[in-house]
Amino acid sequence: MWDVMVEMLLAARGKVSSIASADMYACKLSWISDNLLDQAWKEMAQTLTDANFANVRELIEAEPPKWLADSSASACMLCGVHFHPIMCSRHHCRFCGGIFCGDCSKGRSLMPAKFRVADPQRVCDVCCVRLDSVQPYLMDQVSHAAQMPTQDLTDLSTLRSWVNIPWGQSMEYEIYKAANAIRVYKKVCSLKPEKSIPDAILRQAKGLAIITAVKVGVMVTYNIGTGVVIARREDGSWSPPSAVSTFGIGWGAQAGGELTDFIIILRTTEAVKTFSGNVHLSVGAGLSAAVGVVGRAVEADVRAGDGGYAACYTYSCSKGAFVGCSLEGSIVTTRTNVNSRFYGSQSITASDVLLGSLPRPPAAATLYRALADLYQKIEG
Ligand SMILES: [Zn+2]
Ligand SMILES: [Zn+2]
C-alpha cells in the first residue's frame with residue numbers, strides 16, 4: 001500500500017514541477033522553485049517512508065493480545081452480526097484479540113516473533129490486510145521452514161531412528177523420515193551393491209519421492225503412507241520439500257502389516273510436475289513406472305538411451321532388503337495443509353515449492369545432508 005502511495009507521489013511530483021517551471025521560467029526563478037519543490041517532496045517521501053517503517057516495526061514487535069472472554073462480545077466486532085451457538089460461532093483474532101464471526105476471520109497469517117507460534121493463525125480481515133506486508137519477512141523468520149532441525153539422526157538409541165512411522169503429522173517429521181530412509185538405503189547399498197539403485201538412474205534423476213507406507217489387511221490390502229517430494233534443479237541443487245500422501249488398495253494372499261520405505265526416482269521434469277499437482281494421481285496409471293528394478297543390467301539399458309524407458313522407478317526397501325512390491329495403483333496427493341503450515345503461507349502450491357525459486361529451508365538441513373552424502377558417492 002505504502003509503495004503505491006510513494007509511487008503516486010513521485011509521479012505527481014514530476015507533473016507539479018513541470019507546471020511550476022513553466023510558470024516561473026520567465027522570472028528565471030525556476031531553479032529556486034525546483035529546488036524548493038524538490039526539497040519539499042523529498043521531505044514528504046521521507047516522512048512516508050518513516051511512517052511505513054514505523055508501521056512495519058509496530059507489527060513486527062507486536063505482543064500477543066489479552067484473550068477476551070467469549071461473553072465480552074455478543075456480536076461480530078466487524079460486521080455486527082449476532083453470535084449464535086450453532087449458526088454463527090465466535091472466533092478470536094489472534095493478532096488484535098477481537099471477537100469476530102467466521103466470515104470476518106477467514107484469513108490465516110504468521111504471527112510476529114513475540115507470539116512464539118510458527119503456525120499461521122486465525123486473524124480478522126483487518127489484521128489479515130495489515131499483516132500481509134510482513135508475511136514474506138515472517139516466512140523467513142518464524143515459519144517452521146526457517147527453524148533449525150531438532151530431530152537427531154545419529155541417535156540410534158531411539159526407536160524412531162530404526163522404524164519410520166508411516167503417517168507423519170508434520171513436515172519436520174517427514175523430512176526426518178526421508179533423511180532416515182536415505183541413510184538406511186545407503187547402508188544397504190554398501191552391504192549389497194548389486195541391489196542398489198543404478199548410479200546412472202540416480203544421476204539423471206529430476207526429482208525424488210521418498211515415502212513410507214504401511215500395508216494392512218489380508219486378501220484385500222490397503223497401503224497408506226506419507227512422504228516428501230523434492231526436485232533437482234538444473235544446477236544440481238535440491239528444491240525445498242513438498243509433502244505428499246499415498247493411498248492404495250491391492251490384492252494378495254499375504255497378510256499385511258508390512259512397513260516399507262519407497263524411494264521413487266522421477267526421471268523427467270514431467271514426472272516431477274505430476275507429483276507437484278494437487279490433483280490425485282495414480283502411480284502406474286498416470287505415470288509409466290518401472291517397479292523393483294534391480295541390478296547392473298538396468299544401468300546399461302539406461303545408458304543406452306532414454307527412449308521407451310519409464311518416467312519413474314520405484315525402489316522399495318523393507319528395512320534392509322529390497323522387495324518386489326510397489327506403489328502401483330496408489331493415489332498420491334499433495335498435502336497442501338502440511339505445506340502451508342511448514343512454509344507459513346496459505347497460498348503456497350507444490351509447484352511453487354518444487355519448481356519455483358524458494359530458498360532451501362534451514363529446517364530441511366538433515367535431508368540435504370543425507371542427499372549430499374548419497375550423491376557424493378555416485379558423482380565423486
Ligand atoms: Zn463478521
Ligand atoms: Zn484482528
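The values are calculated or read from the model by the stated rules, or taken from the named source; none is laboratory data. Note that the coordinates shown come from a computational prediction; the quantities given were computed from them, not determined experimentally. Positions of Cβ are generated from backbone atoms using ideal geometry, with glycine treated the same way; all protein chains shown enter the neighbour counts.
Within the bounds of segment 27-36, is there any residue that is under 30 Å from VAL123 (Cα atoms) and either away from ligand 2 (no atom under 16 Å from the Cβ) or at pLDDT 80 or above (or both)?
The answer is no; no qualifying residue exists.
How about segment 109-120: which of its residues are surrounded by fewer than 18 Cβ atoms within 10 Å (Cβ to Cβ) and either near ligand 2 (Cβ under 9 Å from one of its atoms) or closer than 19 Å to THR336 by Cβ (or both)?
ASP119
Every residue in segment 122-135 that is more than 16 Å from ligand 1 (Cβ to nearest atom) and surrounded by 19 or more Cβ atoms within 10 Å (Cβ to Cβ), please.
ARG130, LEU131, VAL134
Taking the condition of being part of a loop (DSSP other than H, G, I, E, B) and buried (at least 19 other Cβ atoms within 10 Å of the Cβ), how many residues in segment 78-107 meet it?
6
Among the listed residues GLY98, GLY80, GLY102, identify the single one that is within 12 Å of ligand 2 (Cβ to nearest atom), at pLDDT 90 or above and either in the same structural domain as SER133 (by TED's automatic domain parsing) or of a type outside the set (Val, Ile, Thr) (or both).
Just one listed residue meets the conditions, GLY98.
One line per residue, one yes/no per condition, for (1) at pLDDT 75 or above; (2) part of a helix (DSSP H, G or I):
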| position | (1), (2) |
| --- | --- |
| LEU138 | yes, yes |
| ALA145 | yes, yes |
| MET148 | yes, no |
| THR154 | no, no |
| SER157 | no, no |
| ASN180 | yes, yes |
| LYS186 | yes, yes |
| ALA209 | yes, no |
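What pairs can you find where one residue is in segment 74-94 and in contact (Cβ under 8 Å) with a residue 24 or more places away in the chain, the other is basic (Lys, Arg) and within 16 Å of ligand 2 (Cβ to nearest atom), and their Cβ atoms are less than 9 Å apart, with a gap of 6+ or different chains?
CYS76/ARG90; HIS91/ARG122; HIS92/ARG122; CYS93/ARG122; ARG94/ARG122
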